[in-house]
1. For the range 445-461, does any single residue satisfy the condition of being under 16 Å from PRO357 (Cβ atoms), assigned to a loop (DSSP other than H, G, I, E, B) and outside the structural domain of GLU140 (by TED's automatic domain parsing)?
2. Would you mind finding the one in GLY426, GLY390, GLY401 that is surrounded by fewer than 21 Cβ atoms within 10 Å (Cβ to Cβ), touching a strand residue (DSSP E or B) at 6+ places or on another chain (Cβ under 9 Å) and either among the polar types (S, T, N, Q) or part of a loop (DSSP other than H, G, I, E, B) (or both)?
3. Just wondering, is there one or more residues in the range 434-451 that are under 29 Å from ARG306 (Cβ atoms) and aromatic (Phe, Trp, Tyr)?
4. Looking only at the range 87-108, which residues are loosely packed, with under 13 Cβ neighbours inside 10 Å and assigned to a strand (DSSP E or B)?
5. Here are SER121, SER159: which of them is surrounded by fewer than 24 Cβ atoms within 10 Å (Cβ to Cβ), more than 17 Å from the chain's Cα centre (by Cα) and of a type outside the set (A, V, I, L, M, F, W, C)?
6. Listed residues GLN293, GLN261, GLN284; which is in the same structural domain as VAL113 (by TED's automatic domain parsing) and either within 24 Å of ILE407 (Cα to Cα) or of a type outside the set (Val, Ile, Thr) (or both)?
7. Across the range 229-267, what is the number of residues that are of a type in the set (D, E, K, R) and under 19 Å from TRP372 (Cβ atoms)?
8. So which residues in the range 154-213 are assigned to a helix (DSSP H, G or I) and of a type in the set (Ser, Thr, Tyr)?
Amino acid sequence: MTRLAAGFVTAVALLSPCVAPVTASAQVPRPTIEGPITGGRGTPFVAATSFDLSEVGYVQEEYFISGTARAFTNVGPLGADGKWTVTPGATAPYKTRILVHRPAKRTRFRGTVIVEWLNVSFGLDAAPDWISAHTQMIREGIAWVGVSAQFIGVEGGMSILGNPSIPLKTVDPVRYGSLVHPGDSFSYDIFSQAGEAIRQPSGPNPLADLRLKTVIATGESQSAFRMVTYIDAIHPVARVYDGFLVHSRASTGVPLSEAPQPVIPVPSPTVIRSDLDVPVLTFQTETDLLFLQSLAARQDDTDRLRLWEVAGTAHADTYLIVTGMSDLGKSPDAANLVLTSSPLGVFICPRPINSGPQHFVLNAAIHWLTRWVRRGTLPPSAPRLDVDPGPPAQFVLDGHGNVTGGIRTPELDVPIATLSGSGQSGPLACLLFGTTAPFDASTLATLYPTHGAYTSAFNRAARRAVRAGFVMKSDARLMERAAARSAVGR
C-alpha cells in the first residue's frame, strides 16, 4: 500500500465427496488484460498492507482489464429463498484494475487464488480481507487478487458513510485516467470477468508461471452484501468461482440493478440459496448480527454452507487499522489483548475500539475454506452466539459483560477486558468498531492472583481453540507469547 493510501485508512479509518473445481464458464466474456501497469506515482493505490511484499517472498503487480460488461435482470420474482434466475440485460464498456499479490517462486504457490471484491465503504479501494488474513494466505502460498469492481472506487462519489470518495482517477490521473466504470449494475459481471482473467488470461498472465487449481471469491462488509447477491443471482450462470467467503454481511444483499438502470431490489432478509454447488463460509462478528441485523438471515449449516459467529469481535477493529497493515506474521504484537487508545485519526470514538481476535479466527476460516474447496474436507461447525430474541434482540452476556456462545478464543474464555461489537457512539463509522473495556486492577487480581495463574489458564484456552479448529497453531503461539509478556498477575 502506498503511504498515501495508508494515511487515508488511518484518517478515516458431508458427508460430501471432494468438491470439484468449477470450470471456466462460456457465459462470462474474457476481458482484455494489460500490464503489468507502471507510471503515474509509480505504485498502485489501495488501502492494504504497508510492508514490502518481497520481505515475505511475494511480488505485487497491477493489471488493467477491459471489455464489455453486462447488467442483469430477473426472470420471475426474486424469492425469499435466494434461488433466483437472472438474464443479461444492458451492456456497457468498462476498464478497471486488478491488483495481484503472488508468491515470487513457483514452488511456494499451492494453487489457490483468493479474489477480493475491494471494499469502498470509506470511499476508496480497500482490501480488508487481505489486511486481516494475509499472514495465513502467505503461510499457505495463496495468491491474492483485489478487484476494483465498484464505481465509487474508480470514478468517485459520496461513500455510504457520508464522506467524499478518493477514487483512483483522482488520486493518480496519469496512471488511472484511462479507467472507465459504467456503474454498479455492471459490477457483478466485472467481478466475474476478473475471475475469468485469472482462469483464462487473454493477454499477459497475472499469475505469471504459477499453476492455478482453484479460485475463491471473498468480500467484507459492503462487499459481503454484494457477495450475497452474487451467490444467489450471478454464480449459477457465471460459475467462475470455486467457493466463497462472505465476511461480515448484513441482513440483506444489495440490488441486482441500480440507477441509472432500472432498480431491482432484493428481498429482506436475503438468505444464501440452499442449492449451492460450491462451498460458502459466512463469517460474522457481534456487530454484524445485531447492528447490521444479519440475525434475521441466520442459516443452518449444510454440506455446502458454514456459518461462523465469533464472540468478542466487531465489524472493524484495531488489527484492521493499526497492527494488520505491518504484520509479518511473527510478532506477538498481532495478539495485543487490549488497546485502550483510539487510533482513528481525524475522528475519535468516545470509547476504546474493539481489540478482539477476529483476525486469528479469520485465518482459520481461510485455512478451512481452502481445504474444503480443494479436498472436500468440511470445516468444523460452530456454535451460534447466544441471543435473547427480545424484542429487542440482545446478546446473552456473562458476568464480565462478554457474550456467551459462538466461537470461543482465549481472549474471551480467560478475559482481561470486555470485548464487544457494540457499545460505541459518535460518528457512524465508530459504531462499526465496537468497544474494549479493560478490567480494573481489583478484578484482575481476583481473577488472576499470579501471572502464572493467568498464563496457564490462557494457554489451556488457546489449546482448546486449536483443537476445535478455530485458531491455527502458529497463531496460538503468538497469543501465548503476548499473554506471557503481559503484566497481568505481576
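1. no
2. So the residue among GLY426, GLY390, GLY401 that is surrounded by fewer than 21 Cβ atoms within 10 Å (Cβ to Cβ), touching a strand residue (DSSP E or B) at 6+ places or on another chain (Cβ under 9 Å) and either among the polar types (S, T, N, Q) or part of a loop (DSSP other than H, G, I, E, B) (or both) is GLY401.
3. Checked the range 434-451: no residue is under 29 Å from ARG306 (Cβ atoms) and aromatic (Phe, Trp, Tyr).
4. Residues satisfying the conditions are THR87, PRO93.
5. SER159
6. GLN261
7. Of the residues in that region, 3 qualify.
8. Answer for the range 154-213, where residues must be assigned to a helix (DSSP H, G or I) and of a type in the set (Ser, Thr, Tyr): THR170, TYR176, SER185, SER187, TYR188, SER192.
The values are calculated or read from the model by the stated rules, or taken from the named source; none is laboratory data. Note that the structure is a prediction, hence the values are computed from the model and not measured. All Cβ positions, even for glycine, are placed from backbone atoms using ideal geometry, and neighbour counts span all protein chains on display.
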